[in-house]
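The values are calculated or read from the model by the stated rules, or taken from the named source; none is laboratory data. Quantities reported herein were computed from a predicted structural model and do not represent experimental measurements. When we count neighbours, we look across all protein chains shown, and the Cβ atoms used for this are built from the backbone with ideal geometry, even at glycine. These accessible areas exclude ligands, DNA and RNA; they are computed on the full protein's heavy atoms, side chains included. Shrake-Rupley method; radii C 1.70, N 1.55, O 1.52, S 1.80 Å.
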Amino acid sequence: MILNATDLGWDSESSGAEPIIPSDQLERSSAYELPPLTAWGVALCVSGTLIATENAIVVTTILATSSLRAPVFLLLASLGMADLLAGVALILHFLFMFCVEPSDWSELLTSGLLVTSLTASLCSLMGVALDRYLSLSHALTYGSGQSRRRAAILLLLVWLGACMIGAGPAMGWHCLEDPNSCSVARPLTRTYLSLLCGGFLVVVMVTLQLYAGICRVARRHAHAIATQRHFLPSNQSYASKHGSGRGFSRLLLVLSVFVGCWMPFSLWGLLGDASSPPLYTYATLVPAAGSSLLNPILYSLRHKDIRKVLLHACCPHRYSHSTHIHYPVDV
C-alpha cells in the first residue's frame, strides 16, 4: 500500500514547512505493492489445488486401507505424495507471487520443494515401471514380504535422494547473488539445472527400457497362450487376444504421456540459458507439472482395487468392499 501525505500526518494546505517524516513511515510509504491477479495466477492456483486434492485422496485411500499393502500400492502412494507436494509448491508459488511480498527465502523454498517433488515423482514412476516388469517376469514371488521390503527400501532411497537434491538451492546452489550464473529456471544455477535435467533424462531412458522389457515379457506370455489356444474355449482365446490389445493400447498411452510431460523440460534445461525467453521455460514446465495431475488418473485411479475402495467409501451400501487384491498390475 502506498501512503499519501495525509496518511503521513502532513497537511500541505495548513503548513508551508517541509514535513518531518519518521523513518518507519518512510519505509511504509515505499512498501511493496502486490501485482494484480492475472489469468496465469488463477490457473496456477486452480491447478495446484486440483493436483493437491486429487493426490491427497489417492494417498489417504492407500494409507487408510490395510489391504492395500502390496509393493505396487507403496509405489503409488509414493507417487501420490510426490505429486501432492508439487501441488503444494504451486499453491505456495501463487501465494508468494500475488498475496505475499516475495523474498529470497520464498524463492528458495518453492524451488526446492518443486525440485524435490518432481524428482520423487519421476523416480516413483520408474519404480512403478520396475514393479510392473517384476510382476510379469516373477509372477510367482510377486507380492511376498521380501518384495514389500525391497519396495520400502527403494522408496526410502528415492525420498532421501529427492530431499538431498531439493535442498540444493537452500544449500547455496542458487543464482540470487550472481545473476549471470542463472539457468532458465531462476533461482537455480545453470550447472545445478543441467545436472538435474541430465539425471531426469537418465531416469526417463531407464523407465523406457523397463517398459520395453514389459513388452517383451508380455509378448512371450501371449505366444505361450497362442501355442495352447486349442486347449482353451474359443471365447476365452478371443478375450485373451483383445485384452492383450487393450493392454498395449494403455501402455502406449502411458508412455506417450510420460515422454510428452518430461522430455521437453529435460532437454530445455540442458539447452537453454538465462537469456532465453521465459515463455519457453513456462511452456516446458507446464507439462512437467501437468504430469502430477495426470498421474493419479493413469496409475492409481485406473487400478481396480483402489477404485473399489473409493466406491465403497462413497456408497458403502451399494458397493461391497472386498479385501482380495489382484496382484498382477494392469499394463
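Does the stretch 157-176 contain at least one residue that is within 23 Å of D83 (Cβ to Cβ) and touching a Lys or Arg at 6+ places or on another chain (Cβ under 9 Å)? Before the answer, list the steps.
The first filter runs over the stretch 157-176 and keeps only residues within 23 Å of D83 (Cβ to Cβ), leaving 157-170.
Filter once more, keeping what is touching a Lys or Arg at 6+ places or on another chain (Cβ under 9 Å): none.
No: the stretch 157-176 contains no residue that is within 23 Å of D83 (Cβ to Cβ) and touching a Lys or Arg at 6+ places or on another chain (Cβ under 9 Å).
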Of the residues in the stretch 33-81, those that are of a type in the set (V, I, T), more than 23 Å from R148 (Cα to Cα), open to solvent by 20 Å² or more (accessible area, probe 1.4 Å) and not in a loop (DSSP other than H, G, I, E, B) come to V42, V46, T49, T53
message = With the structure loaded, tell me whether V309 is outside any loop (DSSP other than H, G, I, E, B) and either out of contact with any helix residue (DSSP H, G or I) (no Cβ under 8 Å at 6 or more places or on another chain) or open to solvent by less than 40 Å² (accessible area, probe 1.4 Å) (or both) or whether it fails that test.
response = yes
Considering residues that are surrounded by fewer than 18 Cβ atoms within 10 Å (Cβ to Cβ) and either assigned to a loop (DSSP other than H, G, I, E, B) or not polar (S, T, N, Q) (or both), the number found within the stretch 165-202 is 14
Would you call L176 within 26 Å of the chain's Cα centre (by Cα), among the hydrophobic types (A, V, I, L, M, F, W, C) and modelled with pLDDT of 90 or more?
no
Output for Cβ contacts, cut-off 6 Å, separation at least six or different chains, first residue in contact (Cβ under 8 Å) with a residue 60 or more places away in the chain and open to solvent by 10 Å² or more (accessible area, probe 1.4 Å) in the stretch 112-133, second assigned to a helix (DSSP H, G or I) and hydroxyl-bearing (S, T, Y), reads M126/T207
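Identify the residue in the stretch 87-111 that is part of a loop (DSSP other than H, G, I, E, B) and touching a Phe, Trp or Tyr at 6+ places or on another chain (Cβ under 9 Å) and, among all such residues, is surrounded by the most Cβ atoms within 10 Å (Cβ to Cβ). Don't jump to the end; show me each part of the working.
Narrowing the stretch 87-111 to residues part of a loop (DSSP other than H, G, I, E, B): 99-103.
Restricting the remaining residues to those that are touching a Phe, Trp or Tyr at 6+ places or on another chain (Cβ under 9 Å) gives 101-103.
On the way: E101: 10, P102: 15, S103: 11.
Only one residue fits best here, namely P102.
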Residue hits (the stretch 77-123; touching a Pro at 6+ places or on another chain (Cβ under 8 Å), within 15 Å of V286 (Cα to Cα) and modelled with pLDDT under 90) are none
Residue set L84, L125, L136, L114; condition over 20 Å from the mean Cα position of the chain (by Cα) and in a helix (DSSP H, G or I); output residue L136
